[in-house]
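Note sheet for the following structure.
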Amino acid sequence: MSTSSVDRAPAAGRSAPDPEIWPDLGTPRRAPLRARVAEALFRRAVGQMDIRVSLPDGSRLGAGGPEAPRMWLHRPVTFFNRLGVDAKIGFGESYLAGDWSADALAEVLTPFAERVTTLVPPFLQRLRRFVDRAHPPGEDSSVTGARSNIRRHYDLSNEMFATFLDETMTYSSALFGAGDDLADAQRRKIDGVLDHAGVRSGTELLEIGTGWGELAIRAARRGARVTTVTLSEQQRDLALRRIGAAGVADRVDIRLSDYREVRGSYDAVVSVEMIEAVGGQYWPDFFGAVGRRLRPGGRVGLQAITMPHERMLATASSYTWMHKYIFPGGLLPSVEAIERGLAEHAALRLRAVREFGQDYARTLREWRERFTRRWQDVAGLGFDEVFRRMWEFYLAYSEAGFRARYLKVHQLSFA
């Protein structure tokens, strides 16, 4: 799909920082003692990494040789102060502010992701509960909060997303086969989820999280009848047009609805990378809703970004840069949490698993390259340089997590 076929939409307040969400990036709060601690920890950490950190005075940090990726620390005083105030937010925030840059951003971030559990010494990790920021009120994933959280990301602009997604308008990990381009790999991924759920002609299917409609289109072309729910008005509007253009509108019902509001029963339920937005305290609601909507003998196909169970437990209450700027209210699950939750709340058992995290690293790299290449088109929609750096960091930071295998993505089948 070309961007000309996507509605032009306003930048939803992101062309200038929202003071309720974004700080004044030029004047961070000062915390001299914590800044000195942060500098010592940073120097200790990068001294073991295969990167180069260049400072304005000509000195260098890091264990990398001449070919190692380079991080340029332009404003070290401000950088360390941001880290001292809140390391989980300050590192990314300092990139938005221009305190540092990199010649290969994902490559610089990957060593940090590889050592994410050891960047802070154990004796300081024990102080986590005293220094971790709480999630802001109103950003939980209650019925009201979920609608607000979704609008902040998915209703930015259909045309902006179209600048870096492929023709399928699919915003989740592709599954690459030999010779696949990104669109082919996205279709392969979708077919895998549908296969996991046993979707075929005559299947009555519930999809939780419509996206821009590609999964519903492919399910309908199999002969299924699809009910699909979303909280994003912009996604719903474009999905309606895409489904109409595909000639399957008579077999797809798109509803602007929360998963907790769905009624009826279905032969199969599918959901692709939506559970990450549910929030840990609402997982029982999600798993229970899946179980209530599924007919006896039905099957479930899920795709989810996951992290190790121990890390999920350790970071469940942490408020991070990703929460503040990209995905408010979310929590990445572990496979164990999903398996246990669907067993306890829906009486479903795991039948099959596929993991393809390195495919997600490739997907994110292609998205970032497209976003960078099309930046002038994005800017023409009203988005500014702070937004550009925010999305560069988000895509590269995510890619680094998969490259380091700290993050994975799984397709799971339950019955």
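Read-outs: derived from the displayed coordinates by stated rules, not from any lab. Everything quoted here is computed from the prediction, not taken from an experiment. Every residue, glycine among them, receives a Cβ derived from its backbone with ideal geometry; neighbour counts consider all protein chains shown.
Could I have the simple spin-label model distance between residue 55 and residue 373, label points 7 Å from Cα toward Cβ, reported in nm to one decimal?
That separation, rounded to one decimal, is 3.9 nm.
Can you compute the label reach from residue 314? Point 7 Å from Cα along the Cβ direction, backbone N cut-off under 15 Å, restricted to the range 73-93.
88
Give me the lysines in straight-line cross-link reach of residue 189: C-alpha distance below 21 Å, same-chain residues under 8 apart excluded.
Within the straight-line limit of under 21 Å, residue 189 reaches these lysines: 408.
Between 0 and 90 degrees, rounded to the nearest ten: what's the tilt of helix 182-196 against the longest Cα principal axis of the chain?
So the helix axis and the longest Cα principal axis differ by about 60 degrees.
For an R0 of 22 angstrom, estimate the FRET efficiency from the Cβ-Cβ distance between residue 103 and residue 405 and round to the nearest 0.05.
That gives a FRET efficiency of 0.40.
Loop-only trypsin sites (Lys or Arg not before Pro) in the range 242-326, please: DSSP not H, G, I, E or B, and at most 11 other Cβ atoms within 10 Å.
Passing sites in the range 242-326 are 263.
Measure nothing fancy, just the Cα-based angle from helix 385-403's long axis to the longest principal axis of the chain, in degrees from 0 to 90, nearest 10.
80
Can you tell which of 100, 330, 393 lies farthest toward the positive end of the dipole of the chain, using +1 and -1 charges on the Cβ of basic and acidic side chains (Lys, Arg; Asp, Glu)?
330
To the nearest 0.05, what FRET efficiency results for residue 347 and residue 221 with a Förster distance of 41 Å applied to their C-beta separation?
0.85
Once you have the Cα-Cα distance between residue 195 and residue 263, take 0.36 nm times their residue separation minus that, and quote the gain in nm to one decimal.
Extra length available between residue 195 and residue 263 comes to 22.1 nm.
Rounding to the nearest 10 and keeping the result within 0 to 90°, find how far the Cα-based axis of helix 335-346 lies from the longest principal axis of the chain.
40
To the nearest 20 debye, what is the magnitude of the charge dipole of the chain about its Cα centre, counting +1 on the Cβ of each Lys and Arg and -1 on the Cβ of each Asp and Glu?
With only Lys, Arg, Asp and Glu charged at Cβ, the dipole is about 760 debye.
Go ahead and run the numbers for FRET between residue 77 and residue 240, Cβ-Cβ distance against an R0 of 56 Å, rounding to 0.05. List each step's numbers first, then the result.
On the way: r = 52 Å, r/R0 = 0.92.
Result of the calculation: an efficiency of 0.60.
Work out, step by step, the length gained on full extension between residue 249 and residue 167: first 0.36 nm times the residue separation, then minus their alpha carbon distance; give nm to one decimal. Mind showing how you got there, number by number?
Values: separation 82, 0.36 × 82 = 29.52 nm, distance 1.90 nm.
Length gained between residue 249 and residue 167: 27.6 nm.
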